[in-house]
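One structure below.
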Amino acid sequence: MLAGSSWEPYSVADFPQLPPVVEDGETFRENAVKKALTVAKILKEWTLADDSGLEVDALGGAPGVFSARFAGEPGDDKKNNEKLLRLLANIPIEQRTARFRCVLALVSPGGEVWTTERTCGGLIGLTPRGNRGFGYDPLFYLPELGVTMAELPEEKKNEISHRGKAMKDLLAHLKAIAAQDRID
């Protein structure tokens with residue numbers, strides 16, 4: 001999603017000395033900020049972290065922050081989807097409203113925190129469809145498009161998804177920081 005920008009991202013995989021960060025927050029924001037702050041303090045570099053997941057209204061917002069490990073540890077997309085379908089088995093499609101939520105946290109080397117939070121709404125389908133994406137994408141139905149997230153080409157998904165919208169916010173913020181740095 002940063003293709004064409006002047007920023008060169010690195011992954012935590014590029015820094016094997018980093019300790020794992022336990023995602024024990026009660027919200028996506030808490031987890032994203034914790035991950036970004038932890039890494040920024042160690043590396044003394046700008047750090048971006050994401051925490052995101054699925055919220056299903058008929059399940060009181062679950063799986064929420066437990067989206068990746070909804071069916072237990074270790075996380076397993078197939079088992080998570082099976083559990084979700086099992087829990088929604090008697091719920092009619094029109095009551096299967098849900099949203100993907102993404103929080104991005106950007107932390108400066110000095111510890112300043114900026115966050116953005118975006119969502120993408122839809123319904124949980126009755127059966128998986130599509131072979132793109134990951135996680136709950138095969139079940140996440142977009143009524144206005146008539147497809148699941150797993151049926152969308154990557155470009156379209158990046159345009160409408162929770163993470164794609166949050167990344168647009170981030171890029172605008174980074175451009176503002178870069179412009180300010182040129183003035184100061």
Exercise. Within region 129-174, list the trypsin sites (Lys or Arg not before Pro) lying in a DSSP loop whose Cβ has at most 16 other Cβ atoms in a 10 Å radius.
Key: Arg129, Arg132
Quiz item: Under unit Cβ charges (Lys, Arg +1; Asp, Glu -1), what dipole magnitude, rounded to 20 debye, does region 32-184 have relative to its Cα centre?
Solution: 180 debye
Practice problem: Using a cut-off of under 13 Å, list every residue of region 21-35 whose amide N is near the label point 7 Å from the Cα of Glu73 along the Cα-to-beta-carbon line. | Solution: 21-24
Exercise. With θ set to phi - 60°, apply the Karplus curve 6.51 cos²θ - 1.76 cosθ + 1.60 along region 105-120 and write out the HN-Hα couplings as whole Hz, x wherever there is a Gly or Pro.
Key: 10, 10, 10, 6, x, x, x, 6, 10, 10, 10, 9, 9, 9, 10, 9
Practice problem: Starting from the Cα-Cα distance between Asn131 and Glu26, subtract it from 0.36 nm times their residue separation and give me the gain in nm to one decimal. | Solution: 34.7 nm
Exercise. Towards the positive end of the charge dipole of region 25-183, with charges on Cβ (+1 Lys, Arg; -1 Asp, Glu), say which of Tyr136, Leu84, Ala36 has the farthest Cα.
Key: Ala36
Quiz item: Using 1/(1 + (r/R0)^6) with R0 = 41 angstrom and r between the beta carbons of Ala58 and Ala179, what's the FRET efficiency to the nearest 0.05?
Solution: 0.35
Quiz item: Summing -39500 (n - 2.57) over the DSSP H runs of n ≥ 4 in the chain and dividing by its residue number, what mean residue ellipticity at 222 nm do you reach, to the nearest 500 deg cm²/dmol?
Solution: -10000 deg cm²/dmol
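Can you sort Glu151, Glu82 from fewest to most other Cβ atoms within 10 Å of each residue's own Cβ?
Values: Glu151 19, Glu82 14.
Going from least to most buried by this count: Glu82, Glu151.
Each reported figure results from applying straightforward, stated rules to the coordinates on display, with no laboratory input. Computed from a predicted structure; not experimentally measured. In this analysis, Cβ positions are derived from the backbone assuming ideal geometry, glycine residues included, and neighbour counts consider all displayed protein chains.
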